[in-house]
Amino acid sequence: MGSSRLIDMLQEHPGQYISGEEISRRLAISRTAVWKQIEKLREEGYEFESAPRRGYRLIRKPEKLQNVALLYALQGCTTFGQRIKLLETTVSTQEEARSLAESGSPSGTLVLAEEQTGGRGRQGRKWYSPPGKGIWMSLLLRPEQQPLSFAPQLTLLTAVAVCRAIRRVSEVDAGIKWPNDILVGGRKVCGILVESVGEDELIRYCIVGIGMNVNLEGSELPTEVSSIATSLLIEGGQRIDRSVLIGEVVREMEQLYELYRSEGFAPIRILWEALSVTLGQRITVKTTGGDLTGTAMGLDSTGALALLDESGENRIIFSGEVQL
Ligand code: BT5
């Protein structure tokens with residue numbers, strides 16, 4: 001309690017020193033108690049400058065996600081992100097979201113964690129999710145009367161939302177690699193995993209997992225992925241307020257989902273194609289039926305990738321791994 005009053009006091013005068021004496025007087029605690037509180041706050045990630053006689057000033061607040069900041073960033077959303085579960089650490093936010101879905105949580109519920117110990121990608125691959133500097137989140141959606149084929153389109157819609165959000169909060173030129181990667185300069189900054197549970201050919205619920213490397217330094221990227229991965233900090237040279245970025249992603253998703261509901265996949269497809277780094281490229285796609293090489297032409301009306309293969313034949317690919 002005491003330390004939050006101290007923070008309030010330092011924030012009232014941004015950038016200015018407040019003397020230890022004044023703090024002690026205003027909080028009615030001893031000078032030693034002031035010093036102890038400052039030390040405790042330093043351990044929590046606050047950074048202060050202290051100077052003899054002048055006192056203390058706040059330089060940087062910890063980068064922890066906080067409910068208040070998230071609620072503020074999510075202003076304007078009406079269903080997405082209206083319930084938030086914020087965790088310090090968890091195995092995977094996908095699992096948390098799934099159990100919330102099964103216990104009746106509403107569409108739009110958002111699960112976030114500072115760290116995942118068992119974050120996952122597609123086909124059981126690992127997703128590295130070190131603490132404090134990334135966005136590891138899962139959004140529960142309960143689409144009404146949507147066929148199972150909606151899930152791949154939701155992946156593409158999410159990629160558009162993430163890309164637009166990144167471009168809005170940073171100078172970073174993010175692009176989409178079909179179907180679920182966001183790349184910057186050829187390296188992966190974000191991955192998307194949509195899992196769905198269906199019943200009678202219709203979707204009961206979807207869980208949209210988004211993993212984004214935000215404020216990780218080069219040395220903080222796990223060595224296993226350091227040659228293929230990057231972060232927004234590395235690319236843009238600027239720390240980004242994760243709450244703000246989360247707000248942008250979720251708001252974009254809500255708006256694009258509304259667009260999808262009123263006009264179908266066609267406008268999403270146009271936005272996706274404009275942000276794609278895959279189109280026009282000669283690529284090889286690893287599919288369960290073998291490798292296919294050709295030029296990526298675009299998306300078909302369902303969201304599958306249209307490829308003009310080396311014999312001049314048009315191929316439609318529903319799932320696979322693209323190698324650029
Ligand atoms: C993905 O899978 O890209 C989907 C990742 C989804 C992660 C989110 S985080 C919140 C939610 N909770 C979860 O448990 N998951 C979701 P895929 O296309 O299969 O790519 C996985 C591959 O990306 C790995 O095999 C690595 O090569 C690489 N990779 C792993 N961690 C990475 C990271 N932090 N940054 C960049 N690349 C990474």
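Summary table
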item	result
Listed peptides 86-99, 305-318, 200-213 by packing density, highest first (mean Cβ within 10 Å)	200-213, 86-99, 305-318
Helix 266-275 vs. the chain, principal-axis angle (Cα, 0 to 90°, nearest 10)	70
Total formal charge among the other residues, if their Cβ is under 9 angstrom from that of residue 136, Lys/Arg +1 and Asp/Glu -1	-2
Extension gain (nm, one decimal) between residue 258 and residue 78, 0.36 nm per residue minus Cα-Cα	63.7 nm
Contact order relative to length of the chain, as percent, for alpha carbon pairs under 8 angstrom and 6 or more apart	13
Over the chain: helical MRE at 222 nm, DSSP H runs n ≥ 4 each giving -39500 (n - 2.57), nearest 500	-10000 deg cm²/dmol
Neighbour net charge for residue 297 - beta-carbon separation under 11 angstrom, K R +1, D E -1	-2
Net charge over other residues, Cβ less than 9 angstrom from the Cβ of residue 324 (K, R count +1; D, E count -1)	+2
Rounded to 10°, Cα long-axis angle of helix 2-12 versus longest principal axis of the chain	80
Neighbour-count ranking [beta-carbon atoms within 10 angstrom, fewest first] of 139, 271	271, 139
Helix 242-263 vs. the chain, principal-axis angle (Cα, 0 to 90°, nearest 10)	30
Peptides 218-231, 109-122 ordered by average Cβ neighbours within 10 Å, highest first	109-122, 218-231
Gained length - residue 293 relative to residue 35, 0.36 nm times residue gap less alpha-carbon distance	86.4 nm
Volume per residue that the Cα convex hull of region 1-83 spans, once the total is divided by residue count, Å³	107
Length released on extending from residue 228 to residue 313, taking residue separation times 0.36 nm less the Cα-Cα span	27.5 nm
Rh by Kirkwood over Cα pairs, then Stokes-Einstein D for the chain at 1.306 mPa s and 10 °C, µm²/s	74
Separation of alpha-carbon centers, region 182-216 and region 267-303, rounded to whole Å	18
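No lab work stands behind these numbers, since they all come straight from the coordinates. Quick caveat: nothing in here was measured; it's all calculated off a predicted structure. With ideal geometry, Cβ positions are generated from the backbone for all residues, glycine too; neighbour counts draw on all protein chains shown.
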